[in-house]
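Just below is one structure, and these are the notes that go with it.
The values are calculated or read from the model by the stated rules, or taken from the named source; none is laboratory data. Predicted model, so just to flag it, every value in this text is computed and none were measured. Every residue, glycine as well, gets a Cβ built from its backbone with ideal geometry; the counts of neighbours run over all protein chains shown. All accessible areas refer to the heavy atoms of the entire protein, side chains included, with ligands and DNA or RNA removed. Shrake-Rupley method; radii C 1.70, N 1.55, O 1.52, S 1.80 Å.
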Amino acid sequence: MVRNSELESADKVPAQVDVVIVGAGFAGLYAQWRLSKLGLAVQGFEAGSDVGGTWYWNRYPGARCDVESLEYSYSFSPELLQEWEWTEKYATQPEILSYIEHVATRFNLRRRIRFSTQVSSVEYQSAESRWVVRTDRGDEVSARFCIMATGCLSLPRRPDFPGLDSFRGRVFHTGDWPHEGVDFSGRRVGIIGTGSSGIQAIPPIAEQAGQLFVFQRTANYSVPAHNQQLDPSHQRWFKNNSSDLRDRMRRSSVGTLTDRNPVSALAVEPEERERVFEAAWLRGGAGFTRCFSDLLTSAKANEFASEFVRNKIRSIVQDPQVADLLCPRDYPLGAKRICVDTGYYATFNRPNVRLVDVRRAPIIGVVEDGLRTSAQSFELDDLVFATGYDAVTGALLDMSIRRDDGMSLKDKWSTGPETYLGLMTAGFPNLFFITGPGSPSVLSNMVLSIEQHVDWIANCVGFLTSSGKRYIEATQQAEGEWTQHVAAVADKTLFPHAASWFLGANVPGKPRVFLPYAGGVDAYGHKCREVEQSGYPGFQLS
Ligand code: FAD
Ligand code: NAP
């Protein structure tokens with residue numbers, strides 16, 4: 001497979017283009033393909049040295065998708081679908097990265113992307129109706145349209161523990177993992193964080209490390225992946241029926257084939273409830289939260305599922321005190337994103353693994369040879385941060401997005417993001433977000449949502465261009481109503497009952513607003529189609 005970003009990528013940036021696309025993950029690449037097809041001049045920028053986004057940065061051991069590989073892939077090219085063979089039910093990070101690299105090469109997408117280049121500011125010039133995009137390498141390009149494919153989980157968060165700089169050992173973050181890999185053999189390793197990243201990384205690190213300390217503040221619910229090699233006949237079936245299957249995914253609640261069971265957990269006898277939970281556990285994966293209709297809306301139904309998982313933890317982990325500490329109790333299952341693991345709970349039966357409760361005795365600082373909690377000191381050679389991201393809005397607000405009259409996106413969103421359909425925000429014409437706040441984004445199969453967003457944006461840009469219109473902008477009214485709708489839908493669920501990154505609760509000072517749209521991929525897609533087909537009501541076109 002060719003991997004030659006240096007030769008193929010754009011080293012010269014034109015002064016003017018039609019479209020700038022920031023980011024070269026799944027979203028940025030598909031946007032490159034789709035917008036170029038319209039015959040427009042496109043310029044991409046990517047902070048990483050090559051394509052891949054999430055799968056370029058997250059090279060930690062154990063990293064893999066938790067939406068099944070066949071579903072977590074592009075649908076835009078029937079040839080691509082037929083020629084690419086996934087090897088496992090849940091592909092590893094290297095395999096997903098190879099897939100994205102293959103897509104970039106096959107469709108010749110690197111040639112208009114400038115890599116190792118961070119977009120630092122994006123400023124709207126109202127007189128010309130154009131955006132001026134500036135980078136950390138001194139590029140300046142003017143564009144009619146700007147597409148932010150900057151990712152929902154692309155700005156890693158590392159708590160600023162006192163003394164961190166004095167630590168003599170190695171420090172890693174799962175979201176910015178060394179490309180050459182890390183050898184933990186025989187070392188004393190501390191890992192902070194037990195979200196999806198920590199839960200994936202802990203078992204393989206434990207197998208290598210001399211001693212692993214897992215610093216847990218909040219126990220998480222995790223369901224086994226039961227990962228396996230993909231059966232070739234299953235893959236053939238998926239490819240032969242992909243058109244129907246993709247339609248089914250688009251009409252589902254989260255964009256996968258495992259849709260919600262319409263039956264309430266409260267409507268069945270206890271034995272039947274246990275049978276359904278057990279079947280979902282044996283099947284494995286995040287579909288566990290959809291094995292009844294009301295696990296994310298009824299606290300009572302949810303408690304049955306939560307207790308089922310706690311019982312599983314108690315049955316796997318031999319030390320009752322450790323098992324007890326691993327049992328989540330203070331929020332409903334699924335209200336923080338459910339984790340999918342391979343051997344996570346059993347890892348705590350290993351003699352070289354110790355679970356440390358940093359809820360009861362918080363981390364107070366790092367010293368040159370380790371880490372201190374309020375109760376104890378731990379001598380460490382390596383410190384791994386699996387502490388997550390400034391999610392959904394983080395990468396957008398990390399650059400300066402403003403208008404020439406001084407209004408900035410940061411100011412506008414100081415009390416929380418406001419968008420119409422998660423696609424645009426009033427006051428910032430011709431600026432599009434992919435999987436932005438107020439869209440299903442992180443509550444869905446992201447590749448499916450990315451394709452849906454890019455298609456909508458490309459159709460919109462095509463329409464504006466062919467009809468001689470200069471710009472499109474969300475109206476204040478449509479944006480206000482949509483933002484209220486997003487909040488109202490979330491309030492009918494159990495999501496707001498957890499201090500999660502869905503709500504911005506993991507970032508000090510971030511407004512507590514439920515970020516994604518919980519109304520489902522199906523309803524959302526329907527609304528977007530309706531808007532597109534009826535001449536873009538809720539948007540002002542000039
Ligand atoms: P990203 O892949 O995040 O790409 C955005 C790119 O934009 C990055 O490469 C970044 O460097 C670049 N960028 C950002 N700001 C700038 C700037 N100012 N200048 C230049 N470049 C910039 N989702 C699922 O649906 N299923 C899964 O199984 C799944 N697993 C995941 C596993 C991990 C470890 C993580 C972290 C996330 C996972 N996700 C999953 C979510 C995942 O982020 C999306 O599925 C998808 O990869 C997002 O693609 P994207 O192109 O929108 O964003
Ligand atoms: P995360 O879910 O935000 O988890 C971060 C962890 O770090 C939490 O356990 C958090 O504890 C802990 N933490 C943060 N600050 C801390 C501090 N100061 N002291 C102690 N602990 C601290 O981040 P993530 O695990 O990287 O996952 C983010 C998202 O990426 C996932 O939800 C998922 O959408 C995606 N992802 C998916 C997969 C996959 O399976 N395909 C893998 C990785 C990531 P608290 O809970 O107490 O805050």
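Any idea what angle helix 26-37 forms with the longest principal axis of the chain, computed on alpha-carbon atoms, 0 to 90 degrees, nearest 10? With both axes taken from Cα atoms, the answer is about 20 degrees. Excluding same-chain neighbours fewer than eight residues apart, the lysines reachable from Lys89 by a Cα-Cα span under 20 Å are Lys239.
For Lys410, the lysines whose Cα comes closer than 18 Å to its Cα, not counting residues fewer than 8 places off in the same chain, are Lys510.
Compute the relative contact order of the chain as a whole-number percentage, counting only Cα pairs closer than 8 Å that sit 6 or more residues apart in sequence. The partial results should precede the final answer.
Values: 1105 pairs, mean separation 103.5, N = 542.
The value is 19 percent.
Once backbone amide H atoms are built at 1.01 Å from N, Ile113 has Ala10, Gly44 as its partners under 5 Å, excluding neighbours fewer than 5 places away on the same chain. Close amide H contacts of Gly370 (hydrogens built in the peptide plane, cut-off under 5 Å, sequence separation of 5 or more or a different chain): Arg168, Leu380.
To the nearest 20 debye, what charge dipole does the chain have about its Cα centre, counting +1 at the Cβ of each Lys and Arg and -1 at the Cβ of each Asp and Glu?
Working: 57 positive and 63 negative charges, 65 e Å.
Around 320 debye, computed over the chain.
Around the Cα centre of segment 164-385, unit charges on the Cβ atoms of Lys, Arg, Asp and Glu (plus for the first two, minus for the last two) sum to a dipole of about 480 debye. Rounded to the nearest Hz, the phi-derived 3J(HN,Hα) couplings of segment 456-469 under the Karplus curve 6.51 cos²θ - 1.76 cosθ + 1.60 (θ = phi - 60°) are 4, 5, 5, 4, 5, 5, x, 5, 4, 5, 6, 9, x, 8, where x marks glycine and proline. In the chain, a dipole from Cβ-located charges (positive for Lys and Arg, negative for Asp and Glu) runs towards its positive end, and of Pro156, Val189, Val171 it is Pro156 whose Cα lies farthest in that direction. Per-atom-type breakdown for segment 89-208 gives carbon and sulfur 43% of the accessible area (1.4 Å probe, protein chains only). Taking only alpha carbon atoms, segment 409-530 gives an Rg to Rh ratio of 0.97, where Rh is the Kirkwood radius.
Extending 7 Å from Cα along the Cβ direction at Ser534 and again at Arg158 yields two label points whose distance is 5.0 nm. Per-residue Karplus couplings for segment 330-338, computed as 6.51 cos²θ - 1.76 cosθ + 1.60 with θ equal to phi - 60°, are listed in order as 9, 7, x, 4, x, 6, 9, 4, 5 Hz, Gly and Pro entered as x.
Accessible surface for the chain, divided over its residues, is 40 Å² per residue with a 1.4 Å probe. Using only alpha-carbon positions in segment 164-385, the gyration tensor eigenvalues give semi-axes of 35, 22, 15 Å once each is multiplied by 5 and square-rooted (largest first).
Tell me, in nm to one decimal, what length is gained between Thr415 and Leu257 on full extension, where the rule is 0.36 nm per residue of separation less the Cα-Cα distance? Kindly include the intermediate steps, with their values, before the conclusion.
Values: separation 158, 0.36 × 158 = 56.88 nm, distance 3.61 nm.
Contour length minus Cα-Cα distance gives 53.3 nm.
Taking GluC sites (Glu not before Pro) as exposed when DSSP calls them loop and at most 16 other C-beta atoms lie within 10 angstrom, the chain has its longest site-free stretch at 181-367. Distance between the modelled labels on Ser243 and Leu80, one decimal in nanometres: 1.9 nm (7 Å Cα→Cβ projection).
Candidate cross-link partners of Lys469 among the lysines, defined by an alpha-carbon separation under 22 Å and a same-chain spacing of 8 or more, comprise Lys37.
Relative to the current alpha-carbon distance between Arg106 and Leu541, full extension at 0.36 nm per residue lengthens the span by 153.0 nm.
Between Glu95 and Ala505, what FRET efficiency follows from the Cβ-Cβ distance if R0 is 30 Å, with the result rounded to 0.05?
0.35
Radius of gyration over Kirkwood radius for the chain, both on Cα atoms: the Rg/Rh ratio is 0.96. For segment 442-482, state the average projected area of the convex hull of the C-alpha atoms over all orientations, rounded to one decimal in nm². Value for segment 442-482: 3.8 nm². Between 0 and 90 degrees, the angle of helix 270-283 with respect to the longest Cα principal axis of the chain falls at about 70 degrees. Per-residue 3J(HN,Hα) values for segment 413-423, derived from phi via the Karplus relation 6.51 cos²θ - 1.76 cosθ + 1.60 with θ = phi - 60°, read 9, 5, 10, x, x, 10, 9, 9, 6, x, 9 Hz in sequence order (x marks Gly and Pro).
Only helical DSSP H runs with n ≥ 4 go in: add -39500 (n - 2.57) per run for the chain, normalise by residue count and round the 222 nm mean residue ellipticity to 500 deg cm²/dmol.
On the way: 17 runs with 172 residues, N = 542.
-9500 deg cm²/dmol, from helical runs alone.
Taking the Cα centre of segment 237-364 as reference, the dipole from Cβ charges on Lys and Arg (+1) and Asp and Glu (-1) amounts to some 520 debye. Taking amide H as placed 1.01 Å from N in the peptide plane, the amide H of Ser400 sits under 5 Å from that of Ser121, Val122, each at least 5 places away or on another chain.
For segment 1-103, which chymotrypsin sites (Phe, Trp or Tyr not before Pro) are both in a DSSP coil and crowded by at most 16 other Cβ atoms within 10 Å?
Hits after loop and neighbour filter: Phe76.
For the pair Glu269 and Glu368, label points projected 7 Å from Cα toward Cβ lie 6.9 nm apart.
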